[in-house]
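The values are calculated or read from the model by the stated rules, or taken from the named source; none is laboratory data. A quick note: this is a predicted structure, and the numbers were derived from the prediction, not measured. Here the Cβ positions follow ideal geometry from the backbone for every residue, glycine too, while neighbour counts run over all protein chains shown. Surface accessibility is based on the protein's heavy atoms, side chains included, excluding ligands, DNA and RNA. Shrake-Rupley method; radii C 1.70, N 1.55, O 1.52, S 1.80 Å.
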Amino acid sequence: MDCGRRVQEMEAPNNITIKGMLGLLSDAADEGGKKLISLGIGDPTAYSCFYTCSAAQQPLLNALNSRNFNGYSPTVGLPQTRMAVADYLSRGLPYTLHSNDVYVTNGCTQAIEITLSILARPGANILLPRPGFPIYGLCAAFRHLEARYFDLLPEKQWEVDLRAVQHLADHNTVAIVIINPGNPCGNVYSFQHLKEIAETAKRLGIVVIADEVYGHLSFGENPWVSMGVFGSVGPVITLGSLSKRWLVPGWRLGWLVINDPDATLKTPKFVERLNKYCDICGGAATFIQAAVPAIIEGTQEVFFRKTINILKQTSDICYQKIKGIACIKCPCKPQGSMAFMVKLNVCMLKDISDDIDFCFKLAKEESVIILPGIVVGLKNWLRITFAVEPSALHEALRRLNSFCQRHSC
Amino acid sequence: MENGGSPKEWRFGGNKGLTHASAVTVRGVINKLMEKLNADDTRPVIPLAQGDPSAFPSFRTTTFAEDAVCAAVRSANFNGYSSTVGIPSGRRAVAEYLSKDLPYKLSADDVFLTIGCTQALETVITVLARPGANILLPRPGFPYYEARAGFSGLEFRHFDLLPEKDWEVDLAGVEALSDENTVAMVIINPGNPCGNVFKYQHLKKVAETAKKLGILVISDEVYDHLTFGSSPFVPMGVFGSIVPVITLGSISKRWVVPGWRLGWLVTNDPDGILMKQGIVDSIKGYVDITSDPVTFMQGALAQILEDTPSDFFEGIVSLLKECAETCYERTSEIPCLTCPCKPEGSMFAMVKLNLSLLEGIEDDLDFCCKLAKEESVLILPGTIQSSFATYCII
């Protein structure tokens, strides 16, 4: 193997999801005797330090017990839910969203699916980040939307390679996807960089799809700014949910929001098509929708602070411990979200051929699950989730270190 | 605020494939009718258009179901993501629930939990769509099949349900329609919109016909067990060893909780044909990339399916029976309306409109719009498929 050669980035495999890979790794881990610790998935609810607040749970139970919300909701979402989300998101914007700009979805996953379905047309292509979130590529394939990948630059805090974006786009490009705070990179873009992205998208005549599922979960230098702030530069479709900030991914409550104060995208025909597509989807549970206004209203800042403090603490632990492992290098300290990317130097390890091999052997020998970077688009990198309870994290990193030492040349 | 000027043209637009596909959905038509309602009419709007009686106090769901969901929420064990096929206890519970009425046992692996029956329908249609394929749909039927098929680029062809034969499937018509590209046929039993319940013998013939044609049967049983006439409900899966059957269902109707969004897609295929043909892998691939039902709802499912006492179901069914009789008798008194078959199940009846007895009414859509405006009553026009007008029997 020629280690001198620059490691080539590969296209993400088009047939595996994060959950799929993690499932395979869990199966491999069953053979070991130790307690399984997963640093694999952006779902911290397995750990007791990450639990939602009563300000979320109580309104949910109230809505259920009221018995008023057992029926179908309008397919675009209950009006009070749309209004509450519009108000909530408007707090971070220089204009006010209208409730009609908000579509309530079954989690952010469904928001992705609806957005791509709405924008797909024969011959169209969409620009996706690499590394990124594999659901975009998989969903695009299903909707016959060609996926083209632009790089995020590790040497520049994972910023978008805007020259590559301009090179990739053509008259059939419909949109560019930006994930901020970043998954899998753990980056938080600066105001200036988001502005540059907005201006580039405008020059190219394409929509920005801003995946803000980790919105507000930032703990580094850059304060988090919503892409919707640039909605008057060019239209933005913002995707989000309660899942990460409220620690309830299982509640399946998300949104798709059209940030388009100049109505460039939001023509009557477009809106009609979006409404009609929602008609043929199964949406979010009605009583959960009904609880959203009270959830947003009633959740105190102290709850949000607590989550961010734990994430800051655990991301620090990860970053510091990784520094002590010779074959793994972290180009940028995580600034937000729940995961970050580190580079694996396979040359420093004997009998490990690549990131997939590394992760399977780690699962088998140490019962620790880490996601091989190829799943998110970067071969021989690893994605590590730090939304893990601190003592479990310490133990997992200790085992990781031990594994690397054992396998080092 | 300008930044660098506008682009020469904006390159995005809506997806034209959606325009026809979703042109006609039940929700879409109901929305149109609601726009016609007279805001000055102080009488309560009477909704007889949608299969959702949950707003009526006599159709309240059982406290057993509500308690099960509350317990699941309070446990805080189900706030995380579920597996994309559904959590094991939920899948097992559905397998056991459905197996009670089958001559073989379903396994948990045959069950995929979905966001209501709507997503089960979405999944099966999407998975079957490939260039050149076609699917056979009943007419009258449920327009979401056409909408989803249209969106997925799956050609659909209609076979008739025969009002003079209790809305049975025109099997000769099915054979005539099908060709080497036909992949499946859909039946809805108990029937929406016809309110019919297929007999055992007829379902067996459907299975044999499908087998002869080499196609699978998609059986939409969202109204399962909601029968109150002479024919008992027979799940199509009973004939799973004649022809592979994919059953679609949910708790929405039997438990009167359509807003809870919990359904299933089940493969009834003791001979493993669907597996061999790659259908099961395709289903898994699709559910892997799409969203899932609420985890705590899945967590409560076993308790909901196992603990609900039979007197709750009996109560709902007898209420539906009473409503069906009222509807049937009252419509017989209205000269311009004829009901060819008394409803035996589900929540609907198909009623024929005799336009020659009406003045100033052009068609069924016009009838329903004017009825909404003048009387604040919502009924669904049969325009979607034929010149019947449908209404719900709640």
Specify the longest stretch of chain B that does not include any exposed loop site, a site being one of the GluC sites (Glu not before Pro) with a non-H, G, I, E, B DSSP assignment and at most 15 other Cβ atoms within 10 Å. B:10-179
Considering only chain A, what is the antiparallel percent among its DSSP beta bridges, to the nearest 5? 55 percent
Determine the distance separating the Cα centre of region A:22-47 from the Cα centre of region B:93-158; give it in Å without decimals. 33 Å
In Hz, Karplus ³J(HN,Hα) per residue of region B:135-143 (6.51, -1.76, 1.60; θ = phi - 60°; x = Gly, Pro): 10, 9, 10, x, 9, x, x, 10, x
What is region A:19-105 by shape, rounded, prolate or oblate, if you read a ≥ b ≥ c off the alpha carbon gyration tensor as root eigenvalues and call it rounded for a/c under 1.5, prolate for a/b larger than b/c, and oblate otherwise? prolate
Exposed-loop-free span, longest in chain B, where trypsin sites (Lys or Arg not before Pro) count as exposed if DSSP calls them loop and at most 14 other C-beta atoms lie within 10 Å: B:106-394
Note on region A:171-188: residues buried by at least 30 Å² of accessible area once partner chains are added (vs chain on its own, 1.4 Å probe) come out as A:His171
Under 27 Å from A:Lys266, Cα to Cα: lysines that are on another chain or at least 8 residues apart: A:Lys195, A:Lys202, A:Lys276, B:Lys8, B:Lys16, B:Lys32, B:Lys36
Out of B:Leu162, B:Leu154, B:Leu265, a Gaussian network model of chain B with alpha-carbon springs under 10 Å gives the largest mean-square fluctuation to B:Leu162
How many percent of DSSP beta bridges within region B:83-239 run antiparallel, rounded to 5? 10 percent
If you restrict to DSSP beta bridges whose two residues both lie in the protein assembly as shown, what percentage is antiparallel, to the nearest 5? 55 percent
Given chain A, longest segment not containing exposed loop trypsin sites (Lys or Arg not before Pro) (DSSP; at most 13 other Cβ within 10 Å): A:92-349
Per the C-alpha gyration tensor (a ≥ b ≥ c, the square roots of its eigenvalues), region A:187-339 is rounded if a/c is under 1.5, else prolate if a/b beats b/c, else oblate; here it's oblate
Per the helix-only model, chain B has a calculated mean residue ellipticity at 222 nm (DSSP H runs of ≥4, -39500 (n - 2.57) each, divided over all residues, rounded to the nearest 500) of -11500 deg cm²/dmol
Amide H within-cut-off set for B:Ile46, under 5 Å, with H built and near neighbours excluded: B:Val377, B:Leu378
Relative contact order for region B:234-346 using alpha-carbon pairs under 8 Å, separation at least 6, rounded to a whole percent? 17 percent
How large is the dipole of the protein assembly as shown about the Cα centre if only Lys and Arg carry +1 and Asp and Glu carry -1, each at its Cβ, rounded to the nearest 20 debye? 2260 debye
What are the ³J(HN,Hα) couplings of region B:326-338, residue after residue, when phi is run through the Karplus curve with 6.51, -1.76, 1.60 and θ = phi - 60°? Round to Hz, x for glycine and proline. 4, 4, 4, 5, 5, 5, 4, 7, 9, x, 7, 10, 10
List the residues of region B:325-344 whose backbone N lies under 20 Å from a point placed 7 Å from the Cα of B:Leu357 along the Cα-to-Cβ direction. B:325-343
For region A:85-239, just say rounded, prolate or oblate: build the C-alpha gyration tensor, square-root its eigenvalues into a ≥ b ≥ c, call rounded for a/c under 1.5, and beyond that prolate if a/b exceeds b/c, oblate if not. rounded
For the protein assembly as shown, build the charge dipole from Cβ charges (+1 Lys, Arg; -1 Asp, Glu) around the Cα centre, then report which of A:Leu204, A:Ser353, B:Ser107 sits farthest towards its positive end. A:Ser353
Report the relative contact order of chain B, percent, no decimals, based on alpha-carbon pairs under 8 angstrom and at least 6 residues apart. 24 percent
Name the residue, out of A:Asn275, A:Asn380, A:Asn106, whose mean-square fluctuation peaks in a Gaussian network model built on chain A with Cα pairs under 10 Å. A:Asn275
Step through the residues of region A:52-60 one at a time and calculate ³J(HN,Hα) from phi using the Karplus curve (6.51 cos²θ - 1.76 cosθ + 1.60, θ = phi - 60°), rounding each to whole Hz and writing x for Gly and Pro. 6, 9, 5, 5, 9, 5, 5, x, 4
Over 18 Å between alpha carbons, listed pairs A:Lys19/A:Lys323; B:Lys204/B:Lys276; A:Lys269/B:Lys373; A:Lys35/A:Lys343; A:Lys34/A:Lys361; A:Lys19/A:Lys156: A:Lys19/A:Lys323; B:Lys204/B:Lys276; A:Lys269/B:Lys373; A:Lys35/A:Lys343; A:Lys19/A:Lys156
Listed residues A:Ser54, A:Ser90, A:Ser241; largest mean-square fluctuation, Gaussian network over chain A with Cα springs below 10 Å, found at A:Ser54
Mean Cα-pair separation over length for region A:52-158, i.e. relative contact order, pairs under 8 Å, 6 or more apart, %: 18 percent
